[in-house]
Structures are given as structure tokens and as C-alpha cells.
1. When you go through (1) among the hydrophobic types (A, V, I, L, M, F, W, C); (2) in a helix (DSSP H, G or I); (3) touching a residue at least 40 places away in the same chain (Cβ under 8 Å) one by one for VAL137, which number turns out not to apply?
2. Identify the residue in region 168-208 that is β-branched (Val, Ile, Thr), more than 20 Å from VAL136 (Cα to Cα) and away from ligand 2 (no atom under 14 Å from the Cβ) and, among all such residues, is modelled with the lowest pLDDT.
3. Given the condition assigned to a loop (DSSP other than H, G, I, E, B), more than 16 Å from ligand 1 (Cβ to nearest atom), farther than 29 Å from LEU180 by Cβ and touching a strand residue (DSSP E or B) at 6+ places or on another chain (Cβ under 9 Å), answer yes or no: does some residue in region 93-116 qualify?
4. Do you know which of the residues in region 21-66 that are in a helix (DSSP H, G or I) and under 12 Å from the mean Cα position of the chain (by Cα) is farthest from ligand 1 (Cβ to nearest atom)?
5. Determine if region 86-101 includes at least one residue that is over 18 Å from the mean Cα position of the chain (by Cα), surrounded by fewer than 15 Cβ atoms within 10 Å (Cβ to Cβ), of a type in the set (Gly, Ala, Ser) and within 16 Å of ligand 2 (Cβ to nearest atom).
6. Any idea which of (1) surrounded by fewer than 24 Cβ atoms within 10 Å (Cβ to Cβ); (2) among the hydrophobic types (A, V, I, L, M, F, W, C); (3) part of a loop (DSSP other than H, G, I, E, B) is the one LEU180 doesn't satisfy?
7. Among the residues of region 41-58, which ones are within 16 Å of ligand 2 (Cβ to nearest atom) and charged (D, E, K, R)?
8. Return the only residue of LEU50, LEU68, LEU25, LEU17 being under 20 Å from GLU174 (Cα atoms) and touching a residue at least 12 places away in the same chain (Cβ under 8 Å).
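The values are calculated or read from the model by the stated rules, or taken from the named source; none is laboratory data. Quantities reported herein were computed from a predicted structural model and do not represent experimental measurements. We place every Cβ from the backbone using ideal geometry, glycine too, and count neighbours over all the protein chains shown.
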Amino acid sequence: MQVIERIPAGTACCWLLRGETGSVLIDAGMEHAEKILKQARDAGVRLLLLTHAHFDHITNAAFLARELGIPVALHPADLPLLKNQFSRPLDAQGVRGRVLRYFSQKLMQKPLEPFSPEIQLSDGMHLDTYGVDACVVALPGHTAGSVGVAVGDAIVVGDAMMRMPTLSPPLIFEDRQASLESASRIRESGAKLLLTSHGFTTCRRFFV
Ligand SMILES: [Zn+2]
Ligand SMILES: [Zn+2]
């Protein structure tokens, strides 16, 4: 039995995956760094895995990795975004997408504390080294290096799907076609529980 907990972290949430012999923190968030640190410490987190390199998922990454003394994992395709959030153009779908992009790009101008991911994520990579029974799923489109984490009947999808307010493919993306293919991949994965970084959920804890 493994547990996934939702941790509020600003506009995007983090997910804490607790395994039998260790835990993985999925995304670092933008706010509430001290609270996230305490929960991660209590859970014995051994890896900070970033679903992608947008500011709302990585702002706390340098702080959390340093305080916890753990490595950071990111797909290499998103490394350019660490240096410059505007290194690739972001497209938008519909009015809601354009509004979201406008506010996102305003926040992207804020400086980020630099950090270097020690681990490069790839499709199918198992995370058992870090005490959890889960694996990485490549979900490009929102960003080129977007990934999800499949665990039991659940999949944590980052921004590869969004609940804004209903579940849909991302409203902002680098590659629309790739994002739709990733959404199909999620649907075809057979996962019964789909955990997004953005959007409303009433439940904070899931047993998977
Ligand atoms: Zn996001
Ligand atoms: Zn994003």
C-alpha cells in the first residue's frame, strides 16, 4: 500500500508519494516552502521529482533540495527553462488559455534561485531506488520535458492535464499536437485516478 498526499503550494500543488521504504516529492511549488519542507522531512523524502520546469512547480526546488539534502530529477528537455522561462514560446487555447498565459508570463519574470538537477528523467524509469513502486511516463506537449508518475491505479500528470474547472488537456502548451497525444496516452493508460497540479480536489490523501 502506498499513499499520495496533496500539498498546497501556490497556484500549483505538490504531491507527496509515500512508499514502503521511502518517499518522493513530486514538484516543489511556488509558495509555502517551510510547510512543504516539514511534510517532506516527516515523510523521509529521498528525491524531488519535477514534472516540468515551469516556475509554479520549481520555485521552491533549490531551497527544498538543499534543506532536505536530496537530488532533483527533471527531464533533460526542460533544462533550458531553468535558465530562462521564456526560452521556448508558449501557445494558448481559447480565451481561458490566453488569460492563463498572460498571468503565467507575468510571474515568469520573477527571478528563480538556480539549481542543477542531478538526475535525468526518462520514459519508463522506475523509482524503486527511492523507496516507491512507481515509474515515470513521458507526457510532452505542455513543455517538451513534461512527465507524469504512474503509481498503482493512479497517475500524477503535472500540467499534462488540467482541471480548470473541468478536466481537459492543458490550456497553455509548447506543442498542441504533442499535448493532445499525451492526453490520449493518459486516457489509454488505464489509470483510474488522475491527479493534476492545477484545479480543485476535495480529497487530500489517496491510497494506491
Ligand atoms: Zn503549472
Ligand atoms: Zn506548466
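1. VAL137 satisfies every listed condition except (2).
2. At the first step, the residues of region 168-208 found to be β-branched (Val, Ile, Thr) are 172, 186, 196, 201-202, 208.
Checking the rest, the ones that are also more than 20 Å from VAL136 (Cα to Cα) come to 172, 201-202.
This time we only want the ones that are away from ligand 2 (no atom under 14 Å from the Cβ), so: 201-202.
Details: THR201: 72, THR202: 69.
Only one residue tops the list, namely THR202.
3. yes
4. ALA61
5. yes
6. With (1) surrounded by fewer than 24 Cβ atoms within 10 Å (Cβ to Cβ); (2) among the hydrophobic types (A, V, I, L, M, F, W, C); (3) part of a loop (DSSP other than H, G, I, E, B) applied to LEU180, the lone miss is (3).
7. Looking only at region 41-58, we keep the residues that are within 16 Å of ligand 2 (Cβ to nearest atom), and these are 49-58.
Result: ASP56, single match.
8. Numbers: LEU68 fails: under 20 Å from GLU174 (Cα atoms); LEU25 fails: under 20 Å from GLU174 (Cα atoms); LEU17 fails: under 20 Å from GLU174 (Cα atoms).
Of LEU50, LEU68, LEU25, LEU17, the one residue that is under 20 Å from GLU174 (Cα atoms) and touching a residue at least 12 places away in the same chain (Cβ under 8 Å) is LEU50.
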